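Have a look at the structure below, then the notes.
The values are calculated or read from the model by the stated rules, or taken from the named source; none is laboratory data. What you see is a predicted model, and the numbers here were worked out from it, not measured in a lab. Every residue, glycine as well, gets a Cβ built from its backbone with ideal geometry; the counts of neighbours run over all protein chains shown. With ligands, DNA and RNA removed, areas are computed over all heavy atoms of the protein, side chains included. Shrake-Rupley method; radii C 1.70, N 1.55, O 1.52, S 1.80 Å.
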Amino acid sequence: MSLVETWERPVVGAPMAGGVSSPLLAAAVSDAGGLGMLAAGYRTPEQVAADLVHVRDLTDRPFGVNLFVPRPLDRAALEPRVDDFAGRIAGEAAALGTEVGLPSWHDTDHWEAKVHLVETLAPPVVSCTFGLPGASVVQRWKGAGCEVHLTATSVAEAVAAQAAGTDVLVLQGREAGGHRGTHDPSVEPEPVDHLGLLEAALPRLGVPAVVAGGVTTPGDVRRALAAGAAGVQVGTAILLAHESGASRTYRVALRSQHHTERVLTRAFTGRVAGAVANGWTREYADAPAAFPVVDQLTKPLRRAAAEQGDLERLHVWAGSGWRAAQERPAGEIVRELAG
Ligand SMILES: Cc1cc2nc3c(=O)[nH]c(=O)nc-3n(C[C@H](O)[C@H](O)[C@H](O)COP(=O)(O)O)c2cc1C
């Protein structure tokens, strides 16, 4: 029986890379009876190891860690467009007093080292987004005692994730904040919401499914469970929680009365992500589908935007329910969601 079938509250605190999912946030969600998650994406293996030790110090409850699955890029096809994009954003970088980041066409997220780290430190749960680890990696993690959660954004991806041996499926709908976990980043993610995806996937499900995307109220949780989900994964609902590592500018942007629209955009990183619309999403909607290279180019600009309080150049990841995000302790939010 998987953890999500035995947990006290059927709420996963979404892994949120980029500094949001602090060990404090993960521990607070787990202590409230949900499943707290660390985000390993963008972090070095050493930082991830330190986070795992830290969260273990903070809570005795189960928690997990999430990895980005790398995908090789077609450099020959994409490089001219990436170079063109870098040229286009050079003026934005100058305006922010920084420079466009350097692109790397190799795995800079240390996948192999992180796979090994998970096997060695064996957190109770390991989840993946952006693709599937090979079945042999899944078996290594299971052999170490980890429960494996793989993300899918379509029925075809859900079927493939089960074939790879996942214990739990994370079914992510279009309402989700942050990156869509679509396995092939060059295709447009299916425009299906989490309930539609769950309904379509149900006849093919052999493992419990956790649904993600736009879940911010107890009613959303009830509907998901009634539709057959084993639980929900919430990101936006805990973005403003006291323990969240969201920057000050991010918090201001989420509450801005001038920003009222949400878009799905590749403008910041080259991968489709749910974000609050701003000057950058309007100007660079045609950014090339080249994650993580576009992400690397824009990173210094986004860091400077966060430091300078520039809401028009910051990536303000947000799910469809972003207006309902609350500034409270994460444990209170989890308890309220679960009813
Ligand atoms: C700021 C932010 C960062 C995210 N980073 C990750 C990540 O590192 N790994 C991952 O699997 N999902 C990530 N997600 C997506 C969440 O796992 C989840 O699918 C999403 O938050 C659900 O939609 P909601 O934000 O409307 O609750 C991120 C979401 C946000 C808002």
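Using just the helices of the chain, give the 222 nm mean residue ellipticity in deg cm²/dmol: DSSP H runs with n ≥ 4 each add -39,500 (n - 2.57), and the total is spread over all residues, rounded to 500.
Dividing the helical sum by the residues of the chain leaves -11000 deg cm²/dmol.
If amide hydrogens are placed 1.01 Å from N in the peptide plane, which non-local residues have theirs closer than 5 Å to the one on V11?
Here L35, V232 satisfy the definition.
Let me know the Kirkwood hydrodynamic radius for the chain, please, with Cα pairs as the basis and the value in Å to one decimal.
One over the average 1/r among Cα pairs gives 19.8 Å for the chain.
Anyone know which of L297, L205, L264 comes out most mobile in the 10 Å Cα GNM of the chain?
Of L297, L205, L264, the most mobile in the Gaussian network model is L205.
Carbon and sulfur together cover what percent of the accessible area of region 1-95 at a 1.4 Å probe radius?
Heavy-atom surface of region 1-95 belonging to carbon and sulfur, 1.4 Å probe: 52 percent.
Which percent of the accessible area of region 208-273 is formed by carbon and sulfur heavy atoms (probe 1.4 angstrom)?
51
I need the phi-derived Karplus couplings for region 159-173: 6.51 cos²θ - 1.76 cosθ + 1.60, θ = phi - 60°, integer Hz, Gly and Pro marked x.
5, 5, 5, 5, 5, 6, x, 5, 7, 9, 9, 9, 9, 9, x
What is the antiparallel percent of DSSP beta bridges lying wholly in the chain, to the nearest 5?
Among the beta bridges of the chain, antiparallel pairing accounts for roughly 20 percent.
Please list 3J(HN,Hα) in residue order for region 115-130, calculated via the Karplus relation 6.51 cos²θ - 1.76 cosθ + 1.60 where θ = phi - 60°; whole Hz, with x for glycine and proline.
4, 5, 4, 4, 4, 7, 8, 6, x, x, 10, 10, 10, 9, 9, 6
Using a Gaussian network model of the chain with C-alpha springs under 10 Å, which one of Q172, Q308, Q296 is most mobile by mean-square fluctuation?
Among Q172, Q308, Q296, the largest GNM mean-square fluctuation belongs to Q308.
Please compute the modelled spin-label separation between Q326 and W105, points set 7 Å along Cα→Cβ, answer in nm with one decimal.
Placing both labels 7 Å along Cα→Cβ, they lie 5.0 nm apart.
Mind checking which of G87, G19, G214 has the largest fluctuation in a GNM of the chain, springs on alpha carbons under 10 Å?
The residue with the greatest mean-square fluctuation here is G87.
Please work out how much length the chain gains when fully extended from E312 to D286, using 0.36 nm per residue of separation minus the C-alpha to C-alpha distance, in nm with one decimal.
7.7 nm
Would you mind working out the accessible area per residue for the chain, using a 1.4 Å probe, and quoting it in Å²?
Accessible area per residue: 40 Å².
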